[in-house]
1. Computed from the mean reciprocal separation of all distinct C-alpha pairs, what Kirkwood hydrodynamic radius does segment 175-317 have, in Å?
2. How large, in Å, is segment 150-200 by the Kirkwood hydrodynamic radius built from its alpha-carbon pairs?
3. Just the number please: accessible area per residue for segment 144-188, 1.4 Å probe, all protein chains included, in Å².
4. How large is the charge dipole for segment 329-386, taken about the Cα centre, if only the Cβ atoms of Lys, Arg (+1) and Asp, Glu (-1) carry charge, to the nearest 20 debye?
5. So, with +1 on the Cβ of K and R and -1 on the Cβ of D and E, and no other charges, what is the size of the charge dipole of the chain about its Cα centre, to the nearest 20 debye?
6. Tell me, what is the FRET efficiency for GLU194 and ASP259 to the nearest 0.05, using R0 = 45 angstrom and their Cβ-Cβ distance as r?
7. I'm a student and want to see the number: the projected area of the Cα convex hull of segment 1-114, averaged over all directions, in nm².
8. Would you give the gap between the C-alpha center of segment 291-331 and the C-alpha center of segment 53-131, rounded to a whole Å?
Amino acid sequence: MSVSIIIGGQWGDEAKGKVTDLLTSRAQMAIRPNGSTNAGHTVVTDQGTFKFHLIPSGILYPHCVCVIGAGVAINPAELLNEMAELRQRGLDLSRLYISDRANVIMPYHPILDRLEEERRGAQSVGTTLKGNGPAYTDKVGRLGIRVADLLEESALIERLRLAIPAKNVILGSLYNAEPLDASEILEQYVAMGELLAPHVRQAEVLVQDAIAAGQTVLIEGAQASMLDLDYGTYPYVTSTTPTAAGACQGAGVGPTQVDQVIGVYKAYTTRVGAGPFPSELHDAAGERLRERGDEYGTTTGRPRRVGWFDAVAARYTARLNGVTQVALTKFDVLDELAEIPICVGYRSDGDQLVAPPATIEAYERVQPVYEILPGWRQSTASLRDESALPPAARRYVERIQELLGVPIALIGTGPHRDQTIWRADARRLTAARASD
């Protein structure tokens with residue numbers, strides 16, 4: 001048995017897609033445990049670039065069974081579109097299964113998402129407007145509609161009978177918006193349920209059967225730990241729990257069944273949307289990193305905010321998730337820099353902080369403490385051997401490893417599969433690594 005979790009250690013967009021793709025090459029099952037179409041994984045292959053939103057990137061491998069877990073919020077229309085696009089590119093989706101317990105994003109969820117962001121004005125969260133938050137709000141409020149409900153018209157009628165009047169009151173009274181037509185929604189979602197039905201299963205049973213059979217299972221988390229609903233920069237967070245613990249819950253895996261947690265960290269830091277970001281750059285250096293790193297959202301195309309590596313937040317998430325190995329990505333983006341600052345501490349009101357504070361007000365008072373390392377000013381792109389790294393580049397890797405307290409197993413030196421350095425510290429990861 002081998003169960004591995006891949007999680008983002010920053011604010012998302014850490015190139016988890018590439019790392020997932022590398023490790024899934026030897027997995028028999030890949031599971032997407034959380035999030036929605038507000039997240040995306042980009043994988044660059046010899047067959048072109050693939051951008052995944054709901055479907056696990058393991059679908060690229062014919063031997064890998066792919067599962068969309070119960071923790072995911074599914075927009076059926078967007079899932080069907082993604083499936084159609086992948087079929088057009090020649091991929092076999094017979095190995096794709098969808099949890100019957102996953103919640104469904106209904107037409108009113110994106111509407112409510114947009115209207116609430118507009119209502120908040122300057123205090124808007126900066127969501128992707130995909131309806132993720134309202135869908136999870138309904139899930140917690142026990143008003144959610146699940147995939148299983150789409151397969152039974154009488155059940156969907158009952159769910160809509162409860163939900164639509166409540167949503168229409170909110171739309172009219174709070175937002176002065178037009179009401180929804182329940183019959184139209186029913187017709188659309190029953191039709192989409194019929195199209196999805198061949199893929200719907202009790203996914204947690206499939207997962208547990210795979211583990212019991214000793215298969216290699218990879219859980220590919222979406223988003224990242226600093227966006228966690230409990231431990232992230234609340235309220236500027238996502239609506240699920242993108243931590244290792246949340247991945248277990250969303251995938252239907254027990255914590256004692258997990259063998260390793262791979263934390264993915266970019267060699268610098270980015271985030272999308274509003275919220276605190278102590279090491280953010282607002283100058284030409286930030287713009288240069290954004291362009292070199294192609295820092296634009298996979299799902300939205302929005303430019304990402306860019307900053308130096310934040311070791312305070314990174315160590316916090318490494319400990320919170322019990323990270324056993326680190327993947328350091330987009331290393332080559334730093335190649336041109338003469339100096340590379342690392343945020344090694346937070347100072348606030350004269351005090352040194354050892355972890356991110358709980359309130360936004362406290363976070364906004366944080367001043368980053370930097371340690372300046374020399375750059376290497378030569379290309380590391382496509383290097384595959386650690387010994388070929390310039391001395392300053394090796395020192396940068398070693399310093400981040402010291403700050404995190406976790407071994408760095410691999411270094412990404414470009415977007416392609418083979419643009420990867422596997423370090424001696426890879427240890428157990430080597431059992432799952434892609435062929436050279």
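1. Numbers: mean 1/r = 0.0532 Å⁻¹.
By the Kirkwood definition, the hydrodynamic radius is 18.8 Å.
2. Numbers: mean 1/r = 0.0843 Å⁻¹.
Radius from the Kirkwood sum: 11.9 Å.
3. Details: 2680 Å² over 45 residues.
Accessible area per residue: 60 Å².
4. Values: 5 positive and 11 negative charges, 7 e Å.
Value, rounded to 20: 40 debye.
5. Details: 43 positive and 52 negative charges, 140 e Å.
The dipole of the chain has a size of about 680 debye.
6. Numbers: r = 39 Å, r/R0 = 0.86.
The value I calculate is 0.70.
7. On the way: hull surface 31.4 nm².
Value for segment 1-114: 7.9 nm².
8. 22 Å
The values are calculated or read from the model by the stated rules, or taken from the named source; none is laboratory data. Not measured: the values here are computed from a predicted model. Positions of Cβ are generated from backbone atoms using ideal geometry, with glycine treated the same way; all protein chains shown enter the neighbour counts. Note: areas computed on protein heavy atoms with side chains; ligands, DNA, RNA excluded. Shrake-Rupley method; radii C 1.70, N 1.55, O 1.52, S 1.80 Å.
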